[in-house]
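Here's the structure we're looking at; comments come further down.
The values are calculated or read from the model by the stated rules, or taken from the named source; none is laboratory data. Note that the structure is predicted; figures quoted are calculated from it, not measured. So basically every Cβ, Gly included, is an ideal-geometry build from the backbone, and we count neighbours across all protein chains shown.
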Amino acid sequence: MAVLNLAACAIWNWSYSASFRLVVLILLHALAILIGLKFGWLWAITCGMLVAACYCWMVLNPHCQWLGPVICKASNDQILITIDDGPDPHDTPILLGLLDQYHTKAIFFMIGEKAKAHPELVREVARRGHEIGNHTFTHPQASFWCAGPWRTRREISQCQKVIEEITGKAPCWFRAPVGHRNFLCILSPVHWV
Ligand SMILES: [Zn+2]
């Protein structure tokens, strides 16, 4: 995984902070191996498990800020309403009606392939003044957190492309499927919510 990350970093010229984290991750793995050589493999396995626990904390905890800024709450006493997994021909019109009724705006985190199937709903959401966010192209909820660099990039960029083609505006917000972040997503051009 670390090698894949580093390769992706080199290919796509990603940010310094991402590179720094990758180097730290590789050094921690190297340190675990050195400890194993010096003190025995039981210690190496223990250290490796500690590194893995940190990694899991970063990607599985949706509030963790270690991979970059995550917006967990709105400023002051405001409430940020977000709606995931659409657009849906049944739910989305009902939700739009409710939001209009209460003069409220929301961020709709859309799945790219659903947006592609229902472009009229995407346009309607944008027309009513709501924000549209990126929620990956296929919503791979069980495997997004451990996806490799190419697949991660494809999931995010295809969704960006579909929404931009429909609305004329690229999303600037991103939410990972079920909130499980991918180590590589710190490198995406969008913000996490
Ligand atoms: Zn979702």
Q. Does Asn13 satisfy the condition of being farther than 30 Å from Gly129 by Cα and at pLDDT below 75?
A. yes
Q: Determine which member of the set Gly129, Gly148 is surrounded by fewer than 20 Cβ atoms within 10 Å (Cβ to Cβ), more than 16 Å from the ligand (Cβ to nearest atom) and modelled with pLDDT of 85 or more.
A: Gly129
Q: Report yes if Asn5 is surrounded by fewer than 17 Cβ atoms within 10 Å (Cβ to Cβ) and modelled with pLDDT under 75, otherwise no.
A: no
Q: Output the residues belonging to region 102-125 that are surrounded by 17 or more Cβ atoms within 10 Å (Cβ to Cβ) and of a type in the set (Lys, Arg).
A: Lys114, Lys116
Q: Scan region 45-93 residue by residue and report those that are more than 16 Å from the ligand (Cβ to nearest atom) and either in contact with an Asp or Glu (Cβ under 9 Å, 6 or more places away or on another chain) or among the basic types (Lys, Arg) (or both).
A: Lys73, Pro93
Q. For region 67-78, what are the residues that are touching a residue at least 40 places away in the same chain (Cβ under 8 Å) and either of a type in the set (Ser, Thr, Tyr) or in contact with a helix residue (DSSP H, G or I) (Cβ under 9 Å, 6 or more places away or on another chain) (or both)?
A. Leu67, Gly68
Q) Say we look at region 50-76 and pick out the residues that are loosely packed, with under 13 Cβ neighbours inside 10 Å and not hydrophobic (A, V, I, L, M, F, W, C); which of these is farthest from Ile107 (Cα to Cα)? A) Gln65
(Q) Residue pairs, Cβ under 6 Å, 6 or more apart or interchain, first in region 127-156 and touching a residue at least 60 places away in the same chain (Cβ under 8 Å), second small (Gly, Ala, Ser). List them. (A) Pro149/Ala8
Q) What about Lys114, is it over 12 Å from the mean Cα position of the chain (by Cα), within 13 Å of the ligand (Cβ to nearest atom), touching a residue at least 24 places away in the same chain (Cβ under 8 Å) and not assigned by TED's automatic domain parsing to the domain that holds Cys56? A) yes
Q) If you scan region 135-157, which residues turn out to be under 23 Å from Lys169 (Cβ atoms), outside any loop (DSSP other than H, G, I, E, B) and under 11 Å from the mean Cα position of the chain (by Cα)? A) Thr152, Arg153, Glu155, Ile156
(Q) One residue is enough: does region 101-108 have a residue meeting the conditions at pLDDT 95 or above and within 12 Å of the ligand (Cβ to nearest atom)? (A) yes
